[in-house]
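Some notes on the structure that comes next.
Read-outs throughout are calculated quantities, based only on the coordinates presented, and are distinct from any laboratory measurement. Predicted model, so just to flag it, every value in this text is computed and none were measured. Every residue, glycine as well, gets a Cβ built from its backbone with ideal geometry; the counts of neighbours run over all protein chains shown.
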Protein chains: 2
Amino acid sequence: MANSDSGAMHGAALSAPRIAVDAMGGDFGPSVVVPGAVEAARARNIRLVLVGDSARIGAELDAIDASGLAVEVVHTSQVAEMTDKPTDVVRRKKDSSIVVANRLVKDGGADGVVSAGHTGATLACGVFILGRQPGVDRPALASIMPTEKLPIILADVGANLDAKAFNLFQFAVMADALARSVLGYERPRIGLLSIGEEEGKGTREVLEAYQMLRGSSLNFVGNVEGRDIFKGDTDIVICDGFVGNVCLKLSEGLAGSMARLLKRELTSGLLSKVGTMLSMGALRRFRQVIDYAEYGGAPLLGLTHISIVCHGSSNAKAIKNAVIMAADYAAGNATEAIASTLSRNSDLTRFTRGKAANCNGA
Amino acid sequence: MANSDSGAMHGAALSAPRIAVDAMGGDFGPSVVVPGAVEAARARNIRLVLVGDSARIGAELDAIDASGLAVEVVHTSQVAEMTDKPTDVVRRKKDSSIVVANRLVKDGGADGVVSAGHTGATLACGVFILGRQPGVDRPALASIMPTEKLPIILADVGANLDAKAFNLFQFAVMADALARSVLGYERPRIGLLSIGEEEGKGTREVLEAYQMLRGSSLNFVGNVEGRDIFKGDTDIVICDGFVGNVCLKLSEGLAGSMARLLKRELTSGLLSKVGTMLSMGALRRFRQVIDYAEYGGAPLLGLTHISIVCHGSSNAKAIKNAVIMAADYAAGNATEAIASTLSRNSDLTRFTRGKAANCNGA
């Protein structure tokens, strides 16, 4: 299927998590993905499998110092283009970097996969190559977002454009397991995103999901509004993928706009300039908190293996943090935690699935 | 129906816009609404009709200096509670401040109405008392939002939890007229909020609305993403009321969180403190740009008269700016502009309405 340059394999302990990275992904391909992944391997005990055009990957590896690190290269001849339909990538581009990286994980050659860009193809690979965990109807893309307090999980942020009440409920179950196993939150507070805090506010799907969540063993705190997300008083915020995707991108856009605006205001006068120089450290810390690259990528929840999706526009720092995230999730047994939470809730899950199907008259 | 204390009427010219204000609305009632409205009358040539408990309104007027201003008080005996169902307010609380304020406008006693809180009741009063403009299927709540460049219009931000493609198209037509008549934008650039810029990205409603907008005479620039909203490169962003409401509140919440975070960082060291003092003016300007109170309220588009909805949590400054907005819209003939744009697009509107109905298999 693909050539393995296992001669490059050395460095990290054999017990270290092995992460497959789609080196051709993202807006910048190997020039950003390779340095980012290598930085992760240098920072942590991680074994890398870089999947893609071996000549281009090799050139990037030559340009940086990867000596002493456990870096393996798997050559592939195809690349998934943004214009490709997700299912076409899985069916017709069998030697594309994203497909091969996912197959590696499925076949036990890696503990998790990281890819940037083409979320649709990554999701298709997740469902059709890795496979869904038992009981999962639809996987969800979860984003770890900074807040005024601790980071929170927002899900779904783009895997499902619409979601039935039953799906929203499952997103909550999966995010709960993630928050416990990886973020270390003991009893995550779960909020349902709506347009008012009152029980009766929201679309039909939101109203139904509210009842399911209230009847579950989860720590459901009720509806939350857009303004509550960044307060950090809720550990998990649940919504459909259209709303979540808009929220995620709006937050990034607004944070960027505010940083630019602030810089413009702070540099518009002499006194301000002096003030800015003196406040530099504070501004740097401020930017760090709002910098999404710190959080790297978004895990796809509900798959049998770990899959982390990065922005197409990811820089090396974002890739680095996504690879570390994949390794942490492997070490934290995030997939097993989700499976066990799902199985503990299987009665409710079956019940609510039937109920949701009935409600929709399907 | 109500007692009119017209003896208090003096000040502004008879040609000045007359704005009815629901003095009992919002989280704080007359204590915030009355001073805010009076500030508007002091700043501009506006005649006020304050509707609500005349004793409480009188006490507030006594406490501030309203001399020389055109302030009329209309007494009402009932108040719409947040727990009241919107249609119940219209049907059963006929002497509530919000119903009487809307009736005043309908009967020609005022040129527009401003109310804070209970968006549902305001919408119900708009539809059942003021009435929809010919051809309008569903009114939309439009928010004027600050951006890095000029302010933009986001619609709908909460009048419709879901919207058919046809409704999204009409929101665009109405927002276009508003942007021309009130913001003075010559050929407003209209974007459709989705999860990707490509034509094929989005829910079924978004895909259908895309085609309608592309086939119209509007200056449609295609899909925009959450991150584009605050760039200010699009003058109007169209979405359904659930998504828009979440966006609006998320923006407010994030802006507030960032301001608090920045303050915390800037005051955490001695050098930073000195820097902050020197940068004070810049920070003040920064806060002003992100302060939603500057923009006051959100107009309900598609009604026969002007109706401005304010946050329940509005402060006096927000009420002041909402009253000024209502007066400006009356002076700018915003309602007439929408009627004329709708009538110019009536062929397309009829066509798309039929098409939308067919598409939904209704």
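Remarks
- Using a Förster distance of 30 Å, the FRET efficiency for B:Y295-B:T87 (Cβ separation, nearest 0.05): 0.55
- Greater than 31 Å apart at Cα, pairs in B:K93/B:K317; A:K93/B:K249; B:K149/B:K263; A:K201/A:K317; A:K106/A:K201; A:K85/A:K317: A:K93/B:K249; A:K201/A:K317; A:K106/A:K201
- For peptide A:223-232, the mean count of partner chain Cβ atoms within 10 Å of a residue's Cβ comes to 6.
- Using the Cβ-Cβ distance between A:S340 and B:L14 with R0 set to 56 Å, the FRET efficiency from 1/(1 + (r/R0)^6) comes to roughly 0.15.
- Test item: A:196-208 mean partner chain Cβ contacts at 10 Å: 2
- With eigenvalues of the C-alpha gyration tensor scaled by 5 and rooted, the stretch A:34-131, Å: 24, 15, 11
- Stretching B:K94 away from B:R204 to a fully extended chain increases their span by 35.5 nm, per 0.36 nm per residue minus the current alpha-carbon distance.
- Distances between copies of A:D107, taken at a point 7 Å out from Cα along the Cα→Cβ vector and listed shortest first: 8.2 nm.
- Label 7 Å beyond Cα on the Cβ vector: B:R204 copy-to-copy distances, nm: 1.2
- Comment: the Cα-to-Cβ extended label point of A:A63, at 7 Å, lies 6.7 nm from its counterparts in the other copies, nearest first.
- Mean per-residue shielding of peptide B:236-249 is 5, counting Cβ atoms of other chains within 10 Å of each Cβ.
- Average projection area in nm² (convex hull over Cα atoms of the stretch A:139-261, one quarter of hull surface): 7.1 nm²
- Mean Cβ neighbour count within 10 Å, used as a protection proxy, ranking B:330-338, A:85-93 highest first: B:330-338, A:85-93
- Order by protection proxy (mean Cβ within 10 Å, highest first), peptides A:148-154, A:160-166: A:160-166, A:148-154
- Cβ crowding within 10 Å averaged over residues, with B:238-246, B:175-183 ranked highest first: B:238-246, B:175-183
- This model, with +1 at the C-beta of Lys and Arg and -1 at the C-beta of Asp and Glu, gives the stretch A:3-131 a dipole about its Cα centre of some 420 debye.
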